[in-house]
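A short write-up of the structure that comes next.
Just so it is clear, none of the values below were taken in a lab; they were calculated from the coordinates. Just so it is clear, the model here is predicted, and its values are computed rather than measured. Glycine also receives a Cβ, built like all others from the backbone with ideal geometry; neighbour counts cover every protein chain displayed.
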Amino acid sequence: MNREKLLQQLDKAWNAFKASYAGLPDAQLAEPGVTDDWSVKDIIAHVTWWEEEALKHLPLIASGGRPPRYSVKYGGIDAFNAQMTEKKHDLPLANVVQQMEDTHQRLLAYIQTVPEEHFTRETRFRRRLRLDTYSHYPIHTRAIQEWRQRSGK
């Protein structure tokens, strides 16, 4: 793999994620029950905070460092997700969508600055990028699609 192929893979998964909720009115985007109590809006916020985590930790990983473990810092990934859900839940939909777009653009810009060597073989950098982005988006894409199918949306 190289940067260009990775960006294509990321873009394909990103576009599928956005297409999964395209055309839904704002009221349905805020309707709970897509994944447990999460709405599409909550899922958008969730995907965004994982991209923010990537932006926070990828530079450290690229320079040979190791980010703190979520189990130590937050009590685990589920606890981190719960904390972030609480923090972002009451944000207006427009803010959540704007944060998503801004964060994604910052992530794409950052990827362009990273030396090619981080993309040409399996590295901790590439693994973290994959987990926080193009292997993460499809999980939520499927959940939204299944919810739409179940609820006739």
(request) Please indicate, with yes or no, whether at least one residue in the range 107-117 is over 13 Å from the mean Cα position of the chain (by Cα), surrounded by 12 or more Cβ atoms within 10 Å (Cβ to Cβ), touching a residue at least 60 places away in the same chain (Cβ under 8 Å) and not in a helix (DSSP H, G or I). (result) yes
(request) Considering each of P115, P59, P67, P92 in turn, give the residue that is of a type outside the set (A, V, I, L, M), out of contact with any Pro (no Cβ under 6 Å at 6 or more places or on another chain) and within 23 Å of V40 (Cα to Cα). (result) P92
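I need a count of the residues in the range 15-32 that are touching a Leu at 6+ places or on another chain (Cβ under 7 Å) and part of a helix (DSSP H, G or I). Let's see the steps before the verdict.
Start the filter on the range 15-32 by keeping residues that are touching a Leu at 6+ places or on another chain (Cβ under 7 Å), which leaves 21, 26, 29-30.
Next, only the ones that are part of a helix (DSSP H, G or I) stay: 21, 26, 29.
So the answer is 3.
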(request) Please work out which one of (1) within 27 Å of W147 (Cα to Cα); (2) of a type outside the set (A, V, I, L, M, F, W, C); (3) surrounded by 12 or more Cβ atoms within 10 Å (Cβ to Cβ) is the condition D90 fails and give its number. (result) (3)
(request) Of the conditions (1) under 18 Å from R106 (Cβ atoms); (2) aliphatic (A, V, I, L, M); (3) in contact with a strand residue (DSSP E or B) (Cβ under 9 Å, 6 or more places away or on another chain), I43 clears all except one; give me its number. (result) (1)
(message) Considering only the range 33-41, I want to know if a residue exists there that is touching a helix residue (DSSP H, G or I) at 6+ places or on another chain (Cβ under 7 Å), without any contact (Cβ under 8 Å) to a residue 24 or more places away in the chain and in a loop (DSSP other than H, G, I, E, B).
(response) yes
(message) Consider the range 50-79. How many of its residues are aromatic (F, W, Y) and either closer than 17 Å to T133 by Cα or loosely packed, with under 11 Cβ neighbours inside 10 Å (or both)?
(response) 1
